[in-house]
Each structure stands twice: as C-alpha cells, then as structure tokens.
1. Considering Gly179, Gly213, Gly167, which residue is in contact with a helix residue (DSSP H, G or I) (Cβ under 9 Å, 6 or more places away or on another chain) and of a type outside the set (A, V, I, L, M, F, W, C)?
2. Out of Ile298, Ile315, report the one residue that is buried (at least 20 other Cβ atoms within 10 Å of the Cβ), touching an Asp or Glu at 6+ places or on another chain (Cβ under 8 Å) and over 30 Å from Gln224 (Cα atoms).
3. Failed condition for Ala276, given (1) closer than 20 Å to Lys56 by Cα; (2) surrounded by fewer than 20 Cβ atoms within 10 Å (Cβ to Cβ), with all others met?
4. Does Glu59 satisfy the condition of being of a type in the set (D, E, K, R) and more than 27 Å from Leu11 (Cβ to Cβ)?
5. Filter the strands (runs of 3 or more DSSP E) completely within region 1-51 down to those with at least 1 residues that are touching a Cys at 6+ places or on another chain (Cβ under 9 Å) and over 14 Å from Lys74 (Cβ atoms).
6. Taking region 165-186 only, how many residues are among the β-branched types (Val, Ile, Thr), out of contact with any Gly (no Cβ under 6 Å at 6 or more places or on another chain) and either modelled with pLDDT of 95 or more or not assigned by TED's automatic domain parsing to the domain that holds Ala45 (or both)?
7. Given the conditions (1) surrounded by fewer than 15 Cβ atoms within 10 Å (Cβ to Cβ); (2) at pLDDT 95 or above; (3) touching a helix residue (DSSP H, G or I) at 6+ places or on another chain (Cβ under 9 Å), which single one is not true for Glu344?
Amino acid sequence: MALLSINGRELKIPLIQGGMGVGVSLERLAGAVARCGGIGCISTADCGYREEDFLKKPEEANLRALKKEIQKAKEISQGVGLVAINAMVATQQYAEAVKTAVESGIDAIISGAGLPLDLPEFVPEGKALIAPIVSSDRAFKVIAKSWERNYHRFPDFIVLEGPKAGGHLGFKEKELLEGTCQSVTEILKNLVEAVKPYEEAIGRRIPIFAAGGIWDKADIEEVQDLGAAGVQMATRFIATEECDASQAYKDTLINADPGEVHIIHSPVGMPGRAVATPLIKRLESIGRIPPTHCSRCIKTCNPGQVPYCITKALIEAVKGNYEEGLFFTGSNVGKLTGMTTVPELVKELGF
C-alpha cells in the first residue's frame, strides 16, 4: 500500500482511530494504532480524571495528564505512525489543551464539537497538522474561508463524520430521530467537490477521512472510491485489548442491543448517540439529575440547569459503572461481538 502524504508527513495506512472520551482512548490505544502505521488519537476530554487532584484541580490535572499521555503514546508508537489529539471546541480548556499538546510534540490536532475557527491561532505552522471535523461541505467552507482570511492557513486534512457516528453529532436532533440526514457517502461527494478549489490553490492534496458507520474493508473501499483518502473508526477500537477503558466498559458495548441505542441531547448542547443504559432511561423518565460537583468542562454548562453532569457520567462509564455511566457508541455497535487486538483489527480491515 502506497504511503499517504499529508502536507509533508507520510502515513503508512489511511486510518484514524477516533478520539473517545472520557478516558476511552488514551496512550495505550492511540500508541498501538500509531504503531501499526495509522493515526492514533488521544481524547483531551477530562483526560486527567485518574489524577489524584482531579476533583479539586481539574484544569491542572488534565493538562498534566495530557503531557504524560502524549509522551507514553509516542513511546508505544515507536515513531511509526502519527499521534493526534481530539480537542472539543465546546470545552473550557480547548485552547490550553491544544497549546499543551503542541508543546508536548503532538503530530496532529483533530478538532470538532463546534467549529474550530481559531485553531490555527494555537498551532504554529509546521508544528503539527491541523484538521477540522465537519458534517457537511458547508461547515468545511466556513472553516476554510475563516482560516484563509484570518491566518493564511488551510486544513492539512479533514475528518467527515456522518450521521451514524457515535458520541456528539453535527446534525439536527430532529433529522437524526427521523432518519432524514444525508448519508456519509452523499455528504462526501459534495465535500470532495468543495475541497478541490482549495487543493488547486495551494498545490497539495487535502485528504478527507470518512467516519460514521464505517465497519469493514468494503465500507473503506466504498468511500475511497468516492474520493476519501481513508477512514476514521472509533467503535470498533473499543473491543480491543489496547483500549484504555475498563473491561466492563468494553463488555457493555459488546453486549449492547442495537435496538437500545438512542439519540440523546447532551449537556454539551449537541445530540449524541449512546446506549440506553439505566442513566439514560432515568433521565427520560425524570428529566434531570442535578450535578453534585462541577469539573468546569464545558463552556456553556450551567450546573444549576444542566440535565446531568456529562463528566461524571462518562467517568463512571469508562470505569464500567453500567448503572450510572454514559456509553457513547456508533450505530454499528450490534456488530461488536468479541474482543480483538489493534494489529488483528488493522489486518482484518485490509491494511
């Protein structure tokens, strides 16, 4: 397989492991995927939850942990692939996390959960690759025009997340519930055309990685035939030995009934796809579970009004607490039937 060039950096296999927080994709998973030649991704979302002072000093704990996670992932990768972070625009520590990652030698910044209009401000050119997560060609155009106008910069690559992805989704909740969103392949066709003028202007390719519902080699080949350079996958990596979540977390996803996957309204202010665990069912019944502690994670969060604390719910999930955890997942979770390893999965995908 030919190497994929991303603005001067070469990638052995066109595969991104999607960032999953809190704590689902940290150094072990990201390092293992990079070791296989892909892009392994650390989620910055409350990545310091295991630090002793997290409850009292979450900001300090998160940045301290992020440095350690990046260092460990790079050691595991042995310099084969790329180590990236997934940084959510909606988080309070967005700018600080990106800056810390750059200082720690991260290879790429992938950013979504909002439009990363000011991302280039925090990443000096040449220090790391920068990539927005988009769900439409319109979103790409808004970001690209803003980056060009304000920073004379362009995306190094793009992650296109379709409506079948897990976690937070860039689509209207009504359309997700009604199933009227454009498919990832339909959006991809429009995005490929939208990117072409920028590629011609700067004289290099801007690779697109398609995500959301991508499961096997046939899915990968389908989007590549439509112009994608590669794919981003997340849910499939949960059931690997290297995934940083607890085994109980992995078992919850492996045993999940696809009929029990719901579109929820996240405290982040976006719809998301998650397993209908007891927490979700209680919220559907009583409407709100008042937070008892605030880790100051989301910019728009008002602890007095938010339906529940997403940080607490995600931490309980990664620990394997089925009763109180929030378990995000992609739409294909029903196909997740058993454990594997990252090298075995990469081989199965045809890379």
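1. Values: Gly179 fails: in contact with a helix residue (DSSP H, G or I) (Cβ under 9 Å, 6 or more places away or on another chain); Gly167 fails: in contact with a helix residue (DSSP H, G or I) (Cβ under 9 Å, 6 or more places away or on another chain).
The conditions single out Gly213.
2. The match here is Ile315.
3. Here Ala276 meets the rest and fails (1).
4. yes
5. 15-17
6. Number of matching residues: 1.
7. With (1) surrounded by fewer than 15 Cβ atoms within 10 Å (Cβ to Cβ); (2) at pLDDT 95 or above; (3) touching a helix residue (DSSP H, G or I) at 6+ places or on another chain (Cβ under 9 Å) applied to Glu344, the lone miss is (3).
For every residue, the table says whether it meets (1) surrounded by 21 or more Cβ atoms within 10 Å (Cβ to Cβ); (2) of a type outside the set (S, T, N, Q); (3) over 21 Å from Leu160 (Cβ atoms).
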residue: Val22; (1), (2), (3): yes, yes, yes
residue: Arg50; (1), (2), (3): no, yes, yes
residue: Val80; (1), (2), (3): no, yes, yes
residue: Ile85; (1), (2), (3): yes, yes, no
residue: Ala101; (1), (2), (3): yes, yes, yes
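The values are calculated or read from the model by the stated rules, or taken from the named source; none is laboratory data. What you see is a predicted model; the values in this text were computed from it and never measured. Cβ atoms come from the backbone with ideal geometry, glycine included; neighbour counts cover every protein chain shown.
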